[in-house]
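Since every read-out is calculated from the coordinates, none of them should be taken as a lab result. In this text, all values refer to a predicted model and were calculated from it rather than measured experimentally. Reconstructed Cβ throughout: ideal geometry from the backbone, glycine too, with neighbour counts over all protein chains shown.
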Amino acid sequence: MVNPVIVALDVAEASHAVHLAGVLAGEAGGFKVGLELLSGPGPATIGAVAEAGRAPVFVDAKLHDIPATVGRAARRLGSLGARWLSVHASGGRAMLEAAVEGLAEGSAGRDAGVLAVTVLTSLDQEVLREVGITESPGKLTSKMARLAADVGCEGVVCSPKELGVVLTVAPQLVRVTPGIRPAGSAAHDQKRIATPQEALSGGATFLVVGRPITASPDPVAAIRRIVGAIGW
């Protein structure tokens, strides 16, 4: 891979996303297409971003539904070029298995893997209690990572704070880490965050970085600062 930075293209217009991907072609390890693009311009954005950015695309759909529906959605997104696809681990074993099977069928032999979402970086212990969950983010992540490994997911999406937990219970999983903020950057709506250096030293495989790059007047200079800071 070029480097471990996946640029989150959290923008509303496909033309904007494709433009950013083109500007950052050769600079990013991958690109993330999330719900804003999927629910607006639509899933065809996946292929356009992959072509413009010349890098794999992480489709952050965060699927969570009955197994049959998730399986069909995963198959479709795989056929459109998803290299990774996020699915909520809280949907349970059957749903994750359907996602793994569907994505493999849709990708037709091309490398593709499911990333199980553990605990969102916008959640902390207080917010979890509000919805009736008394376990800590770390304990929840541990259970979900074990399940993800057991059903054949390629990796997990986890907070930088839970990287050690995943390494302990399922070290074979790819660890994709959002909530990455270079020193001095605003946290925005993230609660459990880390700098790129902290996340990599903690065991992250890929770092998802959005606004510090995409909102910069010079996205190329911004990603190069991050890549340089982690010594890649």
Check: Can you name the condition, by its number, that Ala74 falls short on among (1) in contact (Cβ under 8 Å) with a residue 40 or more places away in the chain; (2) small (Gly, Ala, Ser); (3) touching a Gly at 6+ places or on another chain (Cβ under 8 Å); (4) not in a helix (DSSP H, G or I)?
Finding: (4)
Margin query: Show the residue pairs meeting these rules: Cβ distance below 6 Å; 6+ apart or different chains; first residue within the range 94-121 and in a loop (DSSP other than H, G, I, E, B); second residue surrounded by fewer than 24 Cβ atoms within 10 Å (Cβ to Cβ) and aliphatic (A, V, I, L, M).
Written below: Val119/Leu140
Note to self: I need the full set of residues from the range 122-152 which are of a type in the set (Ser, Thr, Tyr) and either closer than 16 Å to Leu173 by Cα or outside any loop (DSSP other than H, G, I, E, B) (or both), in order please.
What the structure shows: Thr141, Ser142
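Quick one: which of Ala44, Ala12, Ala21, Ala25 is over 12 Å from Phe58 (Cβ atoms), surrounded by 20 or more Cβ atoms within 10 Å (Cβ to Cβ), of a type in the set (A, V, I, L, M, F, W, C) and without any contact (Cβ under 8 Å) to a residue 60 or more places away in the chain? Before the answer, list the steps.
Details: Ala44 fails: surrounded by 20 or more Cβ atoms within 10 Å (Cβ to Cβ); Ala12 fails: surrounded by 20 or more Cβ atoms within 10 Å (Cβ to Cβ); Ala25 fails: surrounded by 20 or more Cβ atoms within 10 Å (Cβ to Cβ).
Unique residue meeting the criteria: Ala21.
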Note to self: Filter the range 1-57 down to the residues that are of a type in the set (Gly, Ala, Ser) and within 23 Å of Arg175 (Cβ to Cβ) and list them by number.
What the structure shows: Ala8, Ala28, Gly29, Gly30, Gly34, Ala50, Gly53, Ala55
Next item on the list: Answer yes or no as to whether Ile230 is of a type outside the set (Phe, Trp, Tyr), buried (at least 22 other Cβ atoms within 10 Å of the Cβ) and closer than 15 Å to Ile6 by Cα.
Entry: no
